[in-house]
Amino acid sequence: MNKILELVNLIKHYKDKNKDLKIINELNLEVEEGDFIAILGKSGSGKSTFLHLLGMLDEANSGNIIINGKDVSFLPEKERDKLRNKFLGFVFQFHYLLPEFTALENVMLPALVDKNADIEKIKIKAKELLKSVELEDRETHKPSELSGGEKQRVAIARALINSPKILLADEPTGNLDEETSEVIHKILRKINEEKGQTIIVVTHSQELASVCKKKLYLKKGKLEDKR
Amino acid sequence: MIELFIAKKHIFERKKQSIIAMLGILIGITVLTVSLAISNGLNNNMINSVLSISPHILVGTGGNRIDAYAEKINNLEGIEGLKGIVPKYTSQGILKAYTDFGVYQLGVQIDGMDLERAKKAMNLESYLIAGEIKPTTYNEVLIGSEMVEQLGLKLGDTVELTSAENKKMRLKVGGIFRTGFISYDSALVIMPLKTAQIISEVGDVASSLDIILNNPYDANILRAQVRRAVKDLRVQTWGDINSNLLRALALEKTVMIVLFSLIIVIAGFVIGVVLNTMVREKTKDIGILRSMGYSRNNIMRIFIIEGLILGGTGIILGMLSSFSILSLLKLGLFDKLTEIYYLTSIPVRISSIEVIFIIIATLSVVLVSSIFPAYRGSKLTPVEALKYE
C-alpha cells in the first residue's frame, strides 16, 4: 500500500489570555491508500482542529504535513488552495450546501474551480455521484427541499467530485438520527470498499467508528491506538 | 466563469436588495443624463439665440465712429472663414406706437445695418415671422415679436422713432422678427444703415463692423487675422462680449453635475452596503468554497462581479430610461411646460462624450464600492469563515 499522508510532529496551540493551550501536540500519523480511519475523542479534544490542519484549512505552528509525498506545510496559499481542490474532499457535520444552488450544482461546484474544466463531463460525473448516493431524482432540488440525510448524501457526492485522494469527514452523522446515520455509514463503507477511497473520519460516534477499519483516539493532542 | 455563476445566484436570491441597489444607480444615471442633456440644450439654445443677429467677431472703436468703413471691409474680405461683414450703426431711441388703445412708448436699441449684407451673413430672413426685408426702403423698420405684443402693433403700422439726438422720424413696420433671445425680440429695432445714420445725424459712418463666421467657434482662431486687417480698431469675439453669460452657464453646469453626481455616489454606497451585508450573510458559504479549493481571488471576484452586475444593470436601465425621457421631450410631449420660459420646445442635446464619462464614472464608483466588501470576504481564512455564527 502507498503512504498517502504523513503527519510529523504536528503542533497547534492557541493563546488564551496568558495560557498557551496545546491542542495538537507533536502528533504523528501515517495513512495508507485505502485506509478508513476513525479519529475518536471527547468534545474539545481537538478533533476538528486536527481535521482542519489535515485539510489545510488551518496552519500548524510547527511540524510537517506530507500529502502524496509532497510536504504541504509551507506551501504558498495558492498552492494549498489547488491541493485542497484536487486531493481533498470535505464532509462536515452540517451539510454546508450552498442554499441557492440545486443538488446537482452543489455537487459540481468543486470541479468548476478549474477554468478549463469540461462542464458537460462534470455534469455527467455529478449525476453519477448523485445516483451512487441514491439521489438521482433530487438533482434539481435545492437544499431547503431535501431532508437532513439527503443533504448529507449530497455533501458526500460533492466531496467526491474531484476524485480526491483523501476524504475528510468531520462528525458526518453528528446531526442525524440513528436510521439516517446508518445510511451514511453504509455509503462511506461502500466507497471505501468498492473504490478504495481513503477516508479519515473525526467522530465521537462508536457506531460510525465500528464501520471504520482503524480507530485512533485523540488524547492530550496526540493520537493513540487505545481508548 | 464560475464566479459569474455564483454572483448571479446571489443576486437572484436577494431580489429585493438587488432591485434597490439597481434602482439607485438607475435614478442617478437618469437624473444626471436627462439634466445634462437639457442643460446642454438650453445652453446651446441660449448661445444660438445670442449669436442669431450678433457678431461672432465685433470690430469697433469703443465709442467712436468708423469713418472709412468700406475700406476696412475691403481689407477684411480676403480672410478665409468669414461668412460676411455687416457695417452697423447702433444707437438708442424711443419708439412711440399709436394704437387703437392709445399711445405707447418704449426705449429701444436702434441697429442700422447694411440689410443686403445682413440678409446673407446673418440669415436675417430666417428670423422673420411676418413681412419682408427691403434693404433700400429707408422708411421701414423690423421689430421683434415681443415688442409687437407689448405695444399692440401689427405689420404695416406706423411708429414714431425719436433718436438720442432728439430727431423724430415716422417709420412703417415692414417686418416682425423672432430670434428667441428676449432682449432682441423686445427692445431691438432694425433698419437700413442709412436710416440710422440720418436719424442719428452722423453722416456715412458705422459704429461697428459685425463679422459673421462660417463657424462661430473659430472666432478665437480668426481674431488675430481680423486684428491685422483692421489695425487700430478694437476686436472682440462673441466669447469676450458674452463672457459673463458663458461663465454663468459653465458654473451652473458644473454645480449641477456635482450635485447630481452625489446621487450616483450614494447609489454606489448602497451597492457597497448590499454587498457588505451579502458578505456577512455568506461568510459560512465563503468558508465552504474555500474548503473546496476556491482561492481568495475567486472569492474577491465573486463579490466584485456582483457589484458590477448590479451597477452595470443599473447603468443600462438608467441609460434606457434617460433616452426614453429625452425622446419624449424631443417629440414635444412636454412643450406646454416651456411657454413661461420663452421657448417653443424643451431643447435637448446629448453629448456622447458626456454619456461615456457618466458610464465610466458610475462604473468606477460601483467598483470602488464593491472592492471593500469583496476584500473583506476574501481575507477571511477558511476556518474563520466556517466557524462564523
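A compact table of results
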read-out	value
For the protein assembly as shown, fraction of C-alpha pairs farther apart than 37 Å, in %	58
Globularity ratio of region B:62-232, using Cα Rg and 2.2 N^0.38 Å	1.06
Translational diffusion of region A:3-224, µm² s⁻¹ [Kirkwood Rh, Cα pairs; Stokes-Einstein; 20 °C; 1.002 mPa s]	120
C-alpha long axis of helix B:219-230 to longest principal axis of chain B, angle in °	30
Highest-fluctuation residue, A:Pro76, A:Pro164, A:Pro99 considered, GNM on chain A with Cα pairs under 10 Å	A:Pro76
Eligible lysines near B:Lys172 by straight Cα distance, threshold 21 Å, same-chain separation 8 or greater	B:Lys88, B:Lys96, B:Lys119, B:Lys134, B:Lys154, B:Lys194
Average beta carbon contacts from partner chains per residue of B:292-300, 10 Å cutoff	6
Residues with amide H under 5 Å from that of B:Val108, placed H, sequence gap 5 or more	B:Gly93, B:Ile94, B:Leu95
Under Karplus coefficients 6.51, -1.76 and 1.60, residue-wise ³J(HN,Hα) of region A:88-98 in Hz, glycine/proline x	10, x, 10, 10, 9, 4, 9, 3, 6, 7, 7
Ascending count of other beta-carbon atoms within 10 Å, so fewest first, for B:Thr254, B:Thr162, A:Thr198, B:Thr277	B:Thr254, B:Thr277, B:Thr162, A:Thr198
Shape call, chain B: gyration tensor on alpha carbons, a/c limit 1.5	prolate
Electrostatic dipole magnitude of the protein assembly as shown [Cβ: Lys, Arg +1; Asp, Glu -1; Cα centre; debye, to 20]	1580
Dipole of chain B [Lys/Arg +1, Asp/Glu -1 at C-beta], most positive-end residue of B:Val265, B:Val202, B:Tyr138	B:Val265
Dipole of the protein assembly as shown [Lys/Arg +1, Asp/Glu -1 at C-beta], most positive-end residue of A:Phe101, B:Thr158, A:Val202	A:Val202
Loop trypsin sites (Lys or Arg not before Pro), region A:78-155 (other Cβ atoms within 10 Å of the site Cβ: 13 or fewer; DSSP)	A:Lys115
Helix-derived mean residue ellipticity, 222 nm - over chain B, DSSP H n ≥ 4, -39500 (n - 2.57), to 500	-18500 deg cm²/dmol
Over 29 Å (Cα to Cα) - which of A:Lys15/A:Lys213; A:Lys78/A:Lys121; A:Lys86/A:Lys127; A:Lys214/B:Lys284; A:Lys12/A:Lys42 fall in this group	A:Lys15/A:Lys213; A:Lys214/B:Lys284
Candidates B:Ser163, B:Ser126, B:Ser322: whichever shows maximal mean-square fluctuation once chain B is modelled as a Gaussian network with Cα springs under 10 Å	B:Ser126
Net charge of neighbours whose Cβ lies under 12 Å from the Cβ of B:Met278, counting Lys and Arg as +1 and Asp and Glu as -1	0
Value at 222 nm in deg cm²/dmol, rounded to 500, when DSSP H runs of n ≥ 4 in chain A each add -39,500 (n - 2.57)	-10000 deg cm²/dmol
Exposure proxy ranking, count of Cβ atoms within 10 Å, fewest first, for B:Thr30, B:Thr283	B:Thr283, B:Thr30
Point-charge dipole on Cβ atoms (K/R +1, D/E -1) for region A:14-86, about Cα centre, debye to 20	360
DSSP-loop GluC sites (Glu not before Pro) across region B:70-100, with at most 16 other Cβ within 10 angstrom	B:Glu77, B:Glu80
For A:92-103, mean number of other protein chain Cβ atoms within 10 Å	4
Relative packing of A:218-224, A:18-24, B:113-119, which averages over residues the other C-beta atoms within 10 Å, highest first	B:113-119, A:218-224, A:18-24
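FYI, it's all coordinate maths here, none of it is from the lab. Fair warning: this is a prediction, and the values are worked out from it, not measured in the lab. Neighbour counts run over all protein chains shown; Cβ positions are idealised from the backbone, glycine included.
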